[in-house]
Structures are given as C-alpha cells and as structure tokens.
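Here's the structure we're looking at; comments come further down.
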Amino acid sequence: MKTLDLQPENMPCTITGISGERKAVERLISIGLTVGTPLHVLSNKKQQPVLIYARDTSIALARKEAEKIAVGKK
Amino acid sequence: MSKQNEHYTIGLLGQPNSGKSTLFNRLTGMHQHVGNWPGKTVAKKEGTFNHNGKTYKLVDLPGTYSFSPNSEEEKITRDFILSGQANAVVAIVDASQFERSLYLLTDFLGIDTPVTIALNMVDVAAAKGKQIDHKGIETKMGIHLSPMVAVKGVGIQQFLERLEQTIKNRTIPACEFLHKLYKNEKELAFTRVRGSLTGVKYGPCRSEWIAEKLIGKDPLITKSVKEQIPPSAWNAVTRIIENQEENSVKITLANCKYEWINLMAKGCVINKKSLTKLRGFEKAVLHPVWGKFIALGITILVIITTIGLALPFMLSFIDAIPVVSGGVTAILTEQGAPLMLVSFFGEALIPATFMAFVVIVFIISLVFIMGLLEEIGYLARIAFLFDNTMGRLGLQGKSVMPVIMGFACNIVTVSGSRIIASWKQRTLTSIVGIVVPCMATWGVVGLMSGIFFGEYAGLIIIALLIAMAGHMYVTSKIFSWWLKIDLHEPGLIMELPPYHKPNWQTIFLRVWLRVKGVIKKALPLMVSVSSVFWFLSYTADGNPNNTIFYQVGSFIEPVSMVFGMDWRLFVAFLASSIGKEAALGVVAVLFGAGAELTLTGAMAVHSYDTDVLSQAIGGASGITAPMALGFIFAYYFNVPCIPVVAVLNSESRSIKWTVITVLYYFCTALLIGGAVYRLSLFFL
C-alpha cells in the first residue's frame, strides 16, 4: 500500500484510504478528496507540500497530511 | 405592510475562490461595512442593495468548504443559517469546478431554508471545455440556478429575479435522492438512527439532517440531541454510533454526497479537458529553489512599487508640516496664545496629524499592491513555497511576505498580514514580524555602532542579526502558546486557484474599507500618543531638566541604570517607542548638542542631519561603551513606532493584544539591553 507522499509525479492514481485526526480528515473530504477520488500528482518534491489535481482543482497538501492518504491504481 | 418597505436578509455562501467577494461587491458596491461577528474575531461583512423596490441585506458568510464546526468561520456560517434569520441563502458555485463546488450545498439538503444557486465563472468553465445544462440541473435539484460571470456583471439581473422567486416561493432543494443514498449504506444504519429522533428539534433542520450529523459525530448536534431525547432512546442511538468507525463513516457519508453530485451532474455536465502536468510558468513559480528567488524578487518589487506609488503624496504631507505648523504657530503667537498651546499645535498636533496621513497614504498603496497580488492568485503560490520554512516558526507560508517586508518597514508587516485569513495567524504574524528591524532602525543602529565602536560595528550588526533570529523564534513560541494556536491543526490543505485577471472593483473597495478602518482607529491613536509624549517632554524654557521626562527619568535612574541607561538614555529609549529617528534627536538634545532643538522638537524629528547628530552623540559625555552597546540592543528590539502600534490596533481589533504586544516588546528590549550591558561590563 502506497501513500500519496511517495506517489511519483504525472501518474494518475486513486485514493484508497484516508486516515488521521478528525479535523484533517474532514478538511480533506470537504475539499474533494475521499476514497475513490481519482487524482494526478503535479509536483512531489522533498521539502515542499505535494501538489495534486483532483476534481478539477489544484490542491496543495502538507507532506504530513499526504502521508495519511493511501493511493493505488483504480 | 406596503411593498416599498419589504426588507430581506440574504446569506451569501460559497467556498473560497468561488467569486463570492466579486458578487458581493457587485451587488452592494459602496453600501457595505465591516464589523465583527459578535464574540468572534472573524470580520463580518454586510451590505445592502435594492431590487424591484425591495431592500436586501446581504451578509457575506466566511468562505468555507463545509459546515463542520471545526473552525470559527464554519461555526459562524452554520450558526447563521440555522438561526433562521435569512430569508434565503445564495450559494455561489464555481462552474469551472462544478462537482467539487456543490459539496457545500449538500450540507443544505435537509435544512428548510430557501436556497438559490449563483453559477459563477461560466466563462472559465467554457474555456476549460465544461458545458453545463442549467435547466436540467434546476429540474433535478428543485431550485433556481443562475449562470453568471460576476466579474463582468453578466447574468446578475436574471439572478436577482430568480432570488426574488426563491424567497417568494420558499424554494428548497430536493433532498430525497441524498437521503435514499444514505439509507442504502448499511454501515450508516441511517434509518435506525433517524428513527430514534422523534421529537428532536434543531433549528430549521429535518430529522434526516440531524441523523446525518449524529452519525458524523458532530459534537454540537450530538450534545443537543442527547439533551432532547429520553435516556433509553439516547442509549440506543449511542450503541449504534459507537460501533461505527469514525473516519470510515465520514468517508461513506462524503461518498454519498459525491454520488449525489454525480447524479445531479449526469447528463448535464460535460468535461472535455483536464490538467495533467505543470506548465512552464507555474513550474518555475513553484520550483523549490527558483520559485523562492522569484518570490523574493516579487516581494522586493512590492516594496518598491508601494513606496513609489505613495511617495509623492507622502512627501507632500511631510513638506506641508513646517508650512502649516509655522503658519498656525505664527497666528497663535500673534493672538497672544500661551506658549504651551503654541507648542502643542506646532510640535504635537499638526506634525502628528500630518504624519498619520503619511502613514495612511502608505497603507493605501500597500493594500492596493497586495490586493492585486492576491486577486491574481499569486499569494497562494507563496503559501505553497514557504509552508515548510514558516512552519518552523509556527507560521503559515503566506507570512513570509509580511515578515520579509518588515526589513523595509514594520507598518508593512502589520498591515500586510491582512493577506492571512485566520485572525490568530494574522496576529501572530504581525507580532513576530515586529522583531524584524526596519530601515530606519538599521540606519540609526549603523550610525551609533559606527560612532561608538568604529571598526567593530560590523561585529555588532552580526550579533544583532543573530539575536533577531533567536528573538523571533522565542517570540513565536510564546505567542503561539498565548494566542492558543492549536498545534495539532492539520497541515496545509489548500486549493491553488488558477491565475485570473484582477477585479479592480474588488481591489478598490478593499482599499476603501481599509482606509475607513485605519482613519477611524489608527489616526486618533497616533495623534493622542504623540500628544502624550509631547506633554511629557514639554518645558516652557527649553531646558530638558524641566520636563516631566526628566523628573520621572532622574527619579527612576537607579532602576534604569540596572539596565545600563542613565536618565538621558532612558528617555531616548522611551522616545524610540514613538519612532526610530525620534530617539536620535532626543539623544542629541539630551547630551547637550543641537541647541536649536527642544526636546519636544527632537521628538517631532522625522529625518535627521547625520553629521550634526554624529557630533552630538560622539561628544556626549557620560556614555560608556557597555552603556552604548546595551542601548543599541535595547533600541533595536523596542516597539518600532506609534504607527505600527496604531495599525496593529486597527488590524487586530483588539486593544488587549495591542497593549500586550507593546508591553512585551518594551520589557524584552529593556531586558535584552540590560543583559548585554551587564555582560559587556566584563570585557569592554
């Protein structure tokens, strides 16, 4: 099982699981990221937040939040 | 009740970056004002407009992604809607991000408040290849949907017609589809939970809505339901809910909502294009190394443009001071006015008022430039680039700009912190940013270091910079704790909106509202504090020994000497709270040179003749090297100047925190100066 912070750039994938504290989970959900959401990683560089594209939106995620999102092929 | 007096209250709801401010400004124009939501630090924007003989009060609800009560903004939005004071709610939906934008609306399904959708940015959607069948969606949702391009004013009239219809017919969105989806998910046990809610009331909400919130473990709803149903029923409910895994249930609920959104969009929304790669410009802007250089370049450009735009006006006000002051004092003297009154006008009231306007002009320029950057969308990129660095100081990425600009002027720091959404973060940024010494501070510190320490001045500057870094870190820790900033807040989860052309109306209105606020709050403070200092430094015969400052200063000299300051240095230190140049003038006067200047005159100094002052200070008797060093450090870290304090007050809207900040900097400056003095006694 891979987490989003390890997902290579420009490869499509789908969210397979979200874990973490209540506030973070709710924020992720309300910004459009839930289990089954397809996404692209636009930028994944060390020392920077992860930048993804999902549901027509570019979203920046702190690495510590990206570590709690599991992704896989659909 | 005559038709002409019909008043309606409308809540304007929308996610961030949906064009909500644009629509709000377009509808209300100058008929808007900003206050506070009662008991909260979030700004409340309200405005009015007329249509068809009816008056509408439009309440701009804070931009949120959902109704969960996690942040102050979300709580305010939910409380407002559930209070029932709105005749209708307008939900702004970004057509180019249609599916995601609808999520906020799903929290509405089950609340009996009329809703209408403003489908904004249809032009952007079209350019992206997105086609939306408005009529089809209207039919499915059961509410009116008005396509528009708020920025251009397209579609507003039809929108207002539909709003009127919505209020008249109390049009509520159809919620059966969504609730059916909930019922189909075994995990939720929706029907059973809802069944135990007979007799429960929560605002204008149906039991399905309450059940959904209960399953989602919403703390406020849970508490309310517990109080309303008999213990046996409550136990039955908790048994179901406690068996559900929290995150899993929330995700299931969310998926039902997105499923509902898909149902609404099916056949009605067609997507053609999609973003898969970062293109050239954006790639450079977000690059971990080049992006930061670009950001630094833009920050410097902001400072230059801000000063450049404002300078002609600022100079006119400054040049006018001696003219007006001279003219007024001449008239007063002619009329035989008492000397003290003449001095008050000439050396306090007039210079202070005009300087306040200099500050205001500067702020107008800054708000305009920063507003431009924000409108274009660049500030979100800054937040991205500096999230990690600023995170170490307990700040957000956007804070980097106000803090760096503090090297030019701390007024910019405090005023520029406005770009940060949350009050706590904004205030923390301002307070921490004040540590950064401004240009004037550097100038004076450089001068004094050179005079007293000659070739060692460089070492002192380096020591000051190290001390600055340490001070910032400690200050950020202290105030993060004091302001009760939640360290377990989720990390950055932020939308990066596409770049778009700035909306000039929005920018001008923002400037206008800010100027109103500053004039109302900051100007009186600046003038009154200046007047207080004038009074403390006034003497009829120009002899500093006759001022209140001297009386107090020499009285507490034994105490101030603990920190390495005799009464003259201490008064100069106090004066540095008014402004950095003022301290220099005071030192010159108090140490016996600059005969033309009285103490009050010295405090009104805003530029200085370095040669004259160098001579004065260099020849000053009684200052030892440790005292000078201690003074330099104390001066460096003191409260920057009155305008900074005044703007902090008007931005934070909290006298309490302004006073705390002033006392904090004053005391830490004394302590640091004192420590440096004591330490340097050993080897200087």
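Rounded to the nearest 10 square angstrom, residue B:559 shows an accessible area of 90 square angstrom against a 1.4 Å probe. Summed over both chains, the area buried between A and B is near 3800 Å², taken from the accessible surface of protein heavy atoms with a 1.4 Å probe. Placing unit charges on the Cβ atoms only, positive for Lys and Arg and negative for Asp and Glu, gives the protein assembly as shown a dipole magnitude near 2940 debye about its Cα centre. For segment B:1-128, the share of DSSP beta bridges that are antiparallel, to the nearest 5, is 40%.
How many percent of DSSP beta bridges within chain B run antiparallel, rounded to 5? Mind showing how you got there, number by number?
Numbers: 16 of 37 bridges.
Rounded to the nearest five, the antiparallel share is 45 percent.
Ranked by solvent-accessible area (1.4 Å probe, protein heavy atoms only, all chains present), the residues B:541, B:94, B:112 order from largest to smallest as B:541, B:112, B:94.
Net length available on complete extension from residue B:6 to residue B:546 is 187.8 nm, with 0.36 nm assigned per residue and the Cα-Cα distance removed. Ranking of A:73, B:477, B:277 by solvent-accessible surface, largest first: A:73, B:277, B:477 (1.4 Å probe, protein heavy atoms only, all chains present). The share of accessible area on chain A that comes from carbon and sulfur is 56 percent, using a 1.4 angstrom probe.
Accessible area of residue B:281 (1.4 Å probe, protein heavy atoms only, ligands and nucleic acids ignored): about 140 Å².
A 1.4 Å probe run over segment B:160-259, with the rest of the protein chains in place, finds 50 Å² accessible per residue.
Inter-chain Cβ neighbour count for B:245-258, averaged per residue, equals 5 (cutoff 10 Å, partner chain atoms only).
Surface composition of segment B:315-448: carbon and sulfur make up 73 percent of the accessible area, probe 1.4 Å. Shielding value for B:383-390 is 3, the average number of Cβ atoms from other chains within 10 Å of each residue's Cβ.
Across peptide B:214-221, the average count of Cβ atoms from other chains found within 10 Å of a residue's Cβ is 1. Helical runs assigned H by DSSP (4 residues or longer) give chain B a calculated mean residue ellipticity at 222 nm of -19000 deg cm²/dmol, each run adding -39500 (n - 2.57) before division by the residue total.
When the chain is fully extended, how far beyond the present Cα-Cα distance does residue B:220 get from residue B:340, taking 0.36 nm per residue of separation?
Using 0.36 nm per residue and subtracting the Cα-Cα distance, I get 37.1 nm.
Ligands, DNA and RNA excluded, the heavy atoms of residue B:474 present near 80 Å² of accessible surface to a 1.4 Å solvent probe.
Pairs spanning more than 25 Å between alpha-carbon atoms, out of B:135/B:168; B:292/B:484; A:45/B:292; B:20/B:44; B:223/B:398: B:292/B:484; B:223/B:398. Of the DSSP H helices in chain B, those that are both long (alpha-carbon extent of 27 Å or more along the helix axis) and hydrophobic (Kyte-Doolittle mean at least -0.5) are B:246-265, B:290-334, B:350-376, B:457-482, B:504-537, B:655-680.
For segment B:391-513, the dipole from Cβ point charges (+1 on Lys and Arg, -1 on Asp and Glu) about the Cα centre works out to 360 debye, to the nearest 20.
Summed over the residues of segment B:96-154 and divided among them, the accessible surface reaches 28 Å² per residue at a probe radius of 1.4 Å.
When only the heavy atoms of the protein chains count and the probe is 1.4 Å, how do B:138, B:259, B:557 rank by accessible area, highest first? Write down the numbers at each step before the final one.
On the way: B:138 30, B:259 85, B:557 50 Å².
Descending order: B:259, B:557, B:138.
With a Förster radius of 25 Å applied to the C-beta separation of residue B:304 and residue B:376, the computed FRET efficiency comes to 0.90.
Between residue B:268 and any residue 5 or more places off or on another chain, the built amide H atoms are never under 5 Å apart.
Please go through the residue pairs B:57/B:501; A:46/A:68; B:424/B:477; B:201/B:226 and name each one whose alpha carbons sit more than 19 Å apart in this structure. The answer is B:57/B:501.
The simple Förster model, with R0 at 41 Å and r as the Cβ-Cβ distance, assigns residue B:459 and residue B:279 a FRET efficiency of 0.25.
The values are calculated or read from the model by the stated rules, or taken from the named source; none is laboratory data. Nothing here was measured: the structure is a model prediction, and the numbers come from that model. Cβ sites come from the backbone with ideal geometry, for glycine too, and all protein chains shown count toward neighbours. Ligands, DNA and RNA are excluded from the accessible area calculation, which covers all protein heavy atoms including side chains. Shrake-Rupley method; radii C 1.70, N 1.55, O 1.52, S 1.80 Å.
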